[in-house]
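The structure under discussion appears below in the form of structure tokens.
The values are calculated or read from the model by the stated rules, or taken from the named source; none is laboratory data. Keep in mind it's a predicted model, so treat the numbers as computed, not measured. Neighbour counts run over all protein chains shown; Cβ positions are idealised from the backbone, glycine included.
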Amino acid sequence: MSLNKKRFEELMEELTVDTDTMNEIAADFRYDLRKGLQNPDLSSLRMLKSYVALPDGSETGTFLAVDFGGTNVRVSKVTLKGNGEFSIDGKVAKPLKVDGIYDFIGPDSTAEQMFDFIAGLVDEVVGEDHETPYLLGHTFSFPSEQTDLNNAKLIIWTKEFATKGVEGHVVNDLLQEALVRQGLTNVHPAAVINDTVAVLLAAAYQQPDTYIGSIYATGQNTCYLEPFADRADPAMILNLESGGFMKLVPSPLDVKLDDASEKPGEQRLEKMTSGRYMGELFNLALGELFGEEEKCNYGFTSVDMSAILEDETPDLAKTAALVESKTGHALTQEECALVQRLAKQFVVRSARLVASTFVGIIWQLAGREPIAKQHIAVDGSVYEKMPYVKENLMRALSELLKEDTDKVDTFLQNGGSCLGAAIAAAMSEKN
Ligand code: BGC
């Protein structure tokens, strides 16, 4: 069987984001930001308040940090030493789902089961010490409505999570109850933040001139420090939930993916950019190229896409073997090269869309003033590990920022979710 070359060319075209389109997206994103500041109902961005601004670097002490937002949940003990210094004094990480063994994120699981599992990990990290008092910072990476730094109600699950009894609930109440069931009455949840906020806090603890934090991983989202320059309100980080940005034209493949997802109609940008969905889009595309649309899922993930993109064997033997193992089709070298180009096209599209949203924020922050020199802190496996992402982000930023390009760079804020949670717990003491 050979690949449908005509459909391949169409797909390449459908997945192209040119400079004009990026400019439009950046302008629309900025418009939604402005509208959202007046009234989030007028915007496709949720603009969620975090009730925290940037740390000043003087935060110190030992805190527990829960990082809950992807397939792995991580709990750590973090000591903040001030001046950007910190140490991780203990860490446990476990997946929330192991095929055939347990699943705390599927529709048959409950909030109690999920939070009991997390409380068990906290117990491991404190070595079953039920005496020493700890403040706990919780990085909870889903759209949540906050009333203060410690009170966040999950609005809606994303990233295909479906556990019952969490949407509409205050997540730190669920965590606290589970900690009590575990006998951990000495552990007190004190702050709950989005992972983008955690990344920005962690970055700002160590590096000045950072006002934008982003996650580019299973999910995709960005936050920024809103100065509220023309209001009496103090500066505050706003979690944009930019993965929900809607002013994008989805390709037929995006529509197909959305129709089959847990939450159709939600998270348009995220479904076009994040690691959770890139692999699925790639599956759908290959299904079309093989004329096997009904199969829909060969099981390719974004990690497989990385492996294909990293294949430097002269005859693309690794790609051929991977594609054959998943689809049962033996490809020629020429066809493997097309598969590689297709994978790259998804990655480049993703990076160009994300860059456009960064520029929308940069323009909004600058207003009528010149763009400030700044760093954008990014964490996540797609940014860190996926070939072509960083250079395409930078290329896209320079196409949009032109002579201001040198003022802006992106950098990897590794492990930001954990450090940020500890910083937020420390900042709760000052509030
Ligand atoms: C969530 C965001 C989160 C992002 C990255 C999205 O699905 O809605 O809250 O920041 O994933 O983890």
- [ ] Consider only pairs whose beta carbons are under 6 Å apart and that are at least six residues apart or on different chains; among these, list those whose first residue lies in segment 247-265 and is of a type in the set (Lys, Arg) and whose second residue is crowded, with 16+ Cβ neighbours inside 10 Å.
- [x] Lys247/Asp28; Lys256/Leu284
Open item on the list: Looking only at segment 228-258, count every residue that is at pLDDT below 95 and either within 16 Å of the ligand (Cβ to nearest atom) or under 20 Å from the mean Cα position of the chain (by Cα) (or both) and tell me the total.
Closed with: 0
Open item on the list: Here is a list: Asp20, Asp41. Which entry is more than 16 Å from the ligand (Cβ to nearest atom), within 27 Å of Pro252 (Cβ to Cβ) and free of Cβ contacts under 8 Å to residues at least 24 places away in the same chain?
Closed with: Asp20
- [ ] Read through the list (1) closer than 11 Å to Gly137 by Cβ; (2) part of a strand (DSSP E or B), then give the number of the only condition that Gly90 fails.
- [x] (1)
Open item on the list: When the residues of segment 201-214 are narrowed to those that are within 16 Å of Ser428 (Cα to Cα) and hydrophobic (A, V, I, L, M, F, W, C), which ends up surrounded by the fewest Cβ atoms within 10 Å (Cβ to Cβ)?
Closed with: Ala202
Task: Single unsatisfied condition, Leu400 versus (1) farther than 22 Å from Ala198 by Cβ; (2) within 16 Å of the ligand (Cβ to nearest atom) - done: (2)
Task: Selected residue [out of contact with any helix residue (DSSP H, G or I) (no Cβ under 7 Å at 6 or more places or on another chain), touching a residue at least 12 places away in the same chain (Cβ under 8 Å) and small (Gly, Ala, Ser)] from Gly291, Gly275 - done: Gly291
Task: Scope segment 400-417; condition in a loop (DSSP other than H, G, I, E, B) and either more than 15 Å from the chain's Cα centre (by Cα) or within 13 Å of Leu200 (Cβ to Cβ) (or both); matching residues - done: Gln413
Open item on the list: Out of the residues in segment 259-269 meeting the condition of being modelled with pLDDT of 95 or more and more than 14 Å from the ligand (Cβ to nearest atom), tell me which one is nearest to Ala162 (Cα to Cα).
Closed with: Pro264
